[in-house]
Amino acid sequence: MPNHDQDPLIKFHKVNKTYDGKTFVVCDLCLDIYKGEFLALLGPSGSGKSTTLGMLAGFEHPSSGSITLAGKSLQDIPTHKRKFGMVFQNYSLFPHMTVMENIIFPLRMQGISRKDACRLGQSALEMVDLGDPGMGTRKPDQLSGGQQQRIALARALVFEPLVILFDEPLGALDKRLREQMQLELRQIHRRLGVTMVFVTHDQSEALTMADRVAVFNEGKIQQIASPMQLYDAPDTAFVASFVGENNKLGAKVIHSQGNNCNVELHDGSRGEGLSPHHLSPEVSVVLVIRPERVVVSPGEGYRNRYRGRVNEVIELGDQTRLRLDVAGNEEFLVKIPRTHGAPEYRVGQDLFVGWRSQDCRVLRA
Ligand code: ADP
């Protein structure tokens, strides 16, 4: 795991980027990246992830602000001198070259002898589990999509870069292969400990692989945290809806003390939850509750306890999903593990649901 007590390896300080001089696609970005970490930049299309990665790579230049690597400005350092490995979605392998020629291409460009380059190339192939004899002499079109992507990774690893940058590298693969590659990349990262910065719009991909995830929206980082923190304690309504499933209920603040916040829901009922920020009375908020944290038929002791009506029952083998009408939200979702002797539910049934205050986030609407 990266050591956050050390100085960051890479530092974005108040970085802005505009392409047209009017719209800022990256706004006032401050981001620390630590040596050895796997950082995912996650967000919807157009949120500024690739532009951020591009500025780190040197393809783009900040309109203002600074980016430093080990304390030194990257401002005047061109892409090829930054010595970052890069892996993109379209592999960018040269079709007329063999696998080995592709991998050693960056080394040959640096003037390393063919013999030395091939030795390093073979060890890079082994790092991505493609060290079998004969692999190096194949052409890219004789490989599967997953193998081509691993060759692209081997080419990025071959010169032992300080950092590897990935821009949606698994986007072209089918679901099963993509999931397999996610686990493999994670293992390669664990084994080699090289710093990785990975752009994706797929939240499950980011959560599966990364040590930390920076969630982007409209050119700003909404939250940067470990996958579990993002899931359990989203800081904003955007993060809560972008990462995993969540129920939302509109409310306003009655009173808050420390993180504890008492609210009134739109239907007049009362509730309680935790807020990451101090919220003043009357502020409009949204309560956010994960479907698996909702308890059906909670005890009287629950501070959050509401009447619900079942709108839909979906049996999924391992779980039952109920769609309920709760406090004016007709899409309120509850996930219940299907265990032996679990009760059956039917459409139209009235029941009570509840959740613990610590399972309910109170976020600015
Ligand atoms: P993401 O990677 O999150 O999808 P991008 O960084 O690619 O987002 O894009 C952010 C915004 O910048 C988008 O509105 C996009 O259209 C715009 N943009 C990206 N590259 C360019 C460019 N070279 N010229 C002009 N606008 C661009």
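The figures follow:
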{"item": "Number of positions in the stretch 346-365 that are touching a residue at least 40 places away in the same chain (Cβ under 8 Å) and open to solvent by less than 90 Å² (accessible area, probe 1.4 Å)", "result": "13"}
{"item": "Unmet criterion (only one of (1) open to solvent by 50 Å² or more (accessible area, probe 1.4 Å); (2) over 15 Å from the mean Cα position of the chain (by Cα)) for T195", "result": "(1)"}
{"item": "Qualifying positions in the stretch 218-241 - aliphatic (A, V, I, L, M) and either without any contact (Cβ under 8 Å) to a residue 60 or more places away in the chain or within 16 Å of the ligand (Cβ to nearest atom) (or both)", "result": "I221, I224, A225, M228, L230, V239"}
{"item": "Candidate set from the stretch 65-88 (those that are more than 16 Å from the ligand (Cβ to nearest atom) and among the small types (G, A, S)); member that is nearest to M181 (Cα to Cα)", "result": "G85"}
{"item": "Residue in the stretch 104-120 that is touching a Cys at 6+ places or on another chain (Cβ under 7 Å), more than 30 Å from N217 (Cβ to Cβ) and away from the ligand (no atom under 16 Å from the Cβ) present", "result": "yes"}
{"item": "Hey, V25 over 20 Å from V87 (Cα atoms) and within 9 Å of the ligand (Cβ to nearest atom) or not", "result": "yes"}
{"item": "Failed condition for M196, given (1) more than 13 Å from the ligand (Cβ to nearest atom); (2) farther than 22 Å from F12 by Cβ", "result": "(2)"}
{"item": "Filter result for H61 (within 16 Å of the ligand (Cβ to nearest atom), assigned to a loop (DSSP other than H, G, I, E, B) and open to solvent by 60 Å² or more (accessible area, probe 1.4 Å))", "result": "yes"}
{"item": "Meets criteria (farther than 30 Å from P343 by Cβ, within 16 Å of the ligand (Cβ to nearest atom), open to solvent by less than 10 Å² (accessible area, probe 1.4 Å) and not assigned by TED's automatic domain parsing to the domain that holds D32) for V215", "result": "no"}
{"item": "The lone exception for E37 - which of (1) more than 15 Å from the ligand (Cβ to nearest atom); (2) open to solvent by 30 Å² or more (accessible area, probe 1.4 Å) it fails", "result": "(2)"}
{"item": "Given (1) more than 26 Å from L157 (Cβ to Cβ); (2) within 16 Å of the ligand (Cβ to nearest atom); (3) free of Cβ contacts under 8 Å to residues at least 24 places away in the same chain, index of the condition P44 fails", "result": "(3)"}
{"item": "The stretch 1-24 residues that are farther than 20 Å from S66 by Cα, paired with ones that are part of a loop (DSSP other than H, G, I, E, B) (beta carbon under 6 Å, 6 or more apart)", "result": "P2/Y34; P2/G36; P2/E37; H4/Y34"}
{"item": "Only one of S63, S92 that is polar (S, T, N, Q), on the phi > 0 side of the Ramachandran plot and under 32 Å from the mean Cα position of the chain (by Cα)", "result": "S92"}
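The values are calculated or read from the model by the stated rules, or taken from the named source; none is laboratory data. All of these numbers come straight from a predicted model, not from anything done at the bench. Every residue, glycine as well, gets a Cβ built from its backbone with ideal geometry; the counts of neighbours run over all protein chains shown. Only protein heavy atoms, including side chains, enter the accessible area calculation; ligands, DNA and RNA are left aside. Shrake-Rupley method; radii C 1.70, N 1.55, O 1.52, S 1.80 Å.
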